[in-house]
1. Among all residue pairs at least 6 apart or on different chains, which show Cβ distances below 9 Å where the first residue, located in the stretch 72-86, is at negative phi and the second is among the hydrophobic types (A, V, I, L, M, F, W, C) and assigned to a helix (DSSP H, G or I)?
2. Can you tell me which of (1) loosely packed, with under 10 Cβ neighbours inside 10 Å; (2) modelled with pLDDT of 80 or more; (3) not in a loop (DSSP other than H, G, I, E, B) is the one K118 doesn't meet?
3. Restricting attention to the stretch 29-54, which residues are surrounded by fewer than 11 Cβ atoms within 10 Å (Cβ to Cβ) and within 23 Å of C78 (Cβ to Cβ)?
4. From V10, V19, grab the single residue that is aliphatic (A, V, I, L, M), open to solvent by 30 Å² or more (accessible area, probe 1.4 Å) and not in a strand (DSSP E or B).
5. Hey, among I47, I57, which residue is in contact with an Asp or Glu (Cβ under 9 Å, 6 or more places away or on another chain) and outside any loop (DSSP other than H, G, I, E, B)?
Amino acid sequence: MDTNKFNNEVTTLNKFFHVYCKGNKHGNILKKEISLDFKDKTFEYKIELCDNCYKTISYSYQRLQECPHEIKPKCRTCPNPCYEKPKYKELSKIMKYSGMRLGLVKLTSKFKKLFSFKNLS
């Protein structure tokens with residue numbers, strides 16, 4: 001996996017966890033700045049998550065940093081999964097929840113754009 005792919009994967013995880021944590025109204029949201037090292041490069045991210053979500057996303061970061069594949073497959077189709085079963089199930093639940101909401105947001109914005117053009121005519 002190259003550094004651009006790593007950055008995209010981490011950015012996607014951050015979005016999904018933010019939607020999940022906020023959508024489930026988790027308490028004690030903390031703002032954190034984290035640094036992740038990957039292939040001699042350091043990436044800086046700002047996240048706002050509860051302690052529980054932070055622990056889970058930290059585990060995911062670690063898995064990404066240690067991914068042995070040069071061309072990273074999707075985790076669900078990986079021939080050698082690195083996630084422990086319980087953690088994978090938890091992450092899958094988070095991705096499913098957030099994916100639905102992020103998909104609906106995109107769909108809603110497309111409809112709004114479509115109807116805003118008709119109003120301008």
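1. K72/F6; K72/L64; C75/L91; P81/C75; C82/C75; Y83/C75; Y83/L91
2. In the conditions (1) loosely packed, with under 10 Cβ neighbours inside 10 Å; (2) modelled with pLDDT of 80 or more; (3) not in a loop (DSSP other than H, G, I, E, B), K118 misses (2) alone.
3. Result: D37, K39.
4. That would be V19, the only listed residue that is aliphatic (A, V, I, L, M), open to solvent by 30 Å² or more (accessible area, probe 1.4 Å) and not in a strand (DSSP E or B).
5. I47
Residues are listed down the side, and each one gets a yes or a no for (1) assigned to a helix (DSSP H, G or I); (2) among the basic types (K, R); (3) modelled with pLDDT of 95 or more; (4) open to solvent by 60 Å² or more (accessible area, probe 1.4 Å):
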{"residue": "G27", "(1), (2), (3), (4)": "no, no, no, no"}
{"residue": "K72", "(1), (2), (3), (4)": "no, yes, no, no"}
{"residue": "Y83", "(1), (2), (3), (4)": "no, no, no, no"}
{"residue": "L91", "(1), (2), (3), (4)": "yes, no, no, no"}
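The values are calculated or read from the model by the stated rules, or taken from the named source; none is laboratory data. Quick caveat, the model's predicted, so the values are computed rather than measured. Positions of Cβ are generated from backbone atoms using ideal geometry, with glycine treated the same way; all protein chains shown enter the neighbour counts. We work out accessible area using only protein heavy atoms, side chains counted, and drop any ligands, DNA or RNA first. Shrake-Rupley method; radii C 1.70, N 1.55, O 1.52, S 1.80 Å.
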